[in-house]
Amino acid sequence: MKQSFIIVAIILLLIPLRENLAQLDYGFDFSKAGTSGLQFLKIGVGAKETAMGGAVGSLVNDANSVFWNASGISYIENYQVSFSHNTWLAGSKHNAAVLAFPVSSFVFALSAASMQINEFEETTALLPDGTGRMVSAGDYVFGVAAARRFTDRLSIGLQVKYVQEKLDDYLISNVLFDVGAIYATGFRDLTLGFSLQHFGPDMRLLNQDFRTPLLFRLSASDKLKLTNDIILTGAAELVHPTDNIEWVNIGAELELLKYIAIRGGHRINVDEGKWSLGVGLLPPSIGGLSTRIDYAFVLSEKVFDNIHRFSIMIGKD
């Protein structure tokens, strides 16, 4: 029975690790917040993943893996497509789509995501009530990922992404890279995950250089089979960004009768979106096609409205 408490042990190990990393000297004595661009890349994709607080780096095994740990697509055995919609902050919308397919011993994925805000009227110092000219802005990312299971325990994945950010007449773009790995330890269902995301060269806008929002994720998860029809999954993840303080994600999923999943998550050391809840429906396959429908609710504690996410996953059996 002591082994059933491994999930709690993982969480207790990661929390002090986050505290220790927060004390590292980065060479300057001011906050790192706001020192990188392309912040839309940090928006979580997928209602399942978000409902679990984003603690999914060692759990991802479907098309949405490309947004968390590219090595996760290596578990896909046939064609799979996913669509995600996110009502983001201040009336903006975040959408994503992925197509994943196996080729020989590899699995490839093509992905796209965008964030769009409502047009707003331009204002100036002389015309603070508006000039009558409408301004638009948006962000886009297109990715190609490849992953392979090198052994029954180790999977490694890579992704290259083209990103573009537009604000009125200004446009910047870049090419970024992700690398990730998932390792099954062989002890129970304990699985470890690692990913390095958004690695690439600095960018320049209006003679100002800024970095990419580089993220390092270290994850661990385990499953507890209560009965043949009830499975509890717990996970914890340390996230270390180069432009902010570290935080820890904690998540859990209770799978019932293989057709419904109830999820919850908590993010430690963040200002907004600390708590999340969600549900997933996995109806029986029809015509050789399997479907998963997910919903996530993220509570906004301070300024913004609560966030709702919807995802659908369709795969060929």
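Structural remarks
- For the chain, the longest piece that avoids every one of the trypsin sites (Lys or Arg not before Pro) found in DSSP loops with at most 16 other C-beta atoms within 10 Å covers 33-132.
- Using alpha-carbon coordinates, inclination of helix 6-21 to the longest axis of the chain, degrees: 30
- CD proxy at 222 nm, helix term only [per DSSP H run n ≥ 4: -39500 (n - 2.57); per residue of the chain; nearest 500]: -2000 deg cm²/dmol
- Cβ-to-Cβ counts within 10 Å put 203, 52, 313 in ascending order as 203, 313, 52, the fewest first.
- Electrostatic bookkeeping for residue 193 treats Lys and Arg as +1 and Asp and Glu as -1; over the other residues with beta carbon under 9 Å from its beta carbon, the sum is 0.
- Of the GluC sites (Glu not before Pro) in the stretch 229-306, the ones in a loop by DSSP (not H, G, I, E or B) with at most 12 other beta carbons within 10 Å are 301.
- Based on C-alpha pairs under 8 angstrom that are at least 6 apart in sequence, the chain has a relative contact order of 20 percent.
- Tail beyond 14 Å, pair distance distribution of the stretch 195-245 (Cα, percent): 66
- The count of lysine pairs in the chain that are at least 8 places apart or cross chains, and whose C-alpha atoms lie under 22 Å apart, stands at 24.
- If a spin label sat at a point 7 angstrom from the Cα of residue 317 along the line to its beta carbon, the backbone N atoms of the stretch 260-291 nearer than 13 Å would be those of 283-291.
- The calculated FRET efficiency for the pair residue 206 and residue 158, based on their C-beta separation and a Förster distance of 30 Å, comes to about 0.40.
- P(r) of the chain over all Cα-Cα pairs, binned every 10 Å from zero, in whole percent: 6, 24, 36, 23, 8, 3, 0, 0
Here, each number is a calculation from the coordinates, and none is a lab measurement. Remember, it's a predicted structure, so these values are computed and weren't measured experimentally. All Cβ positions, even for glycine, are placed from backbone atoms using ideal geometry, and neighbour counts span all protein chains on display.
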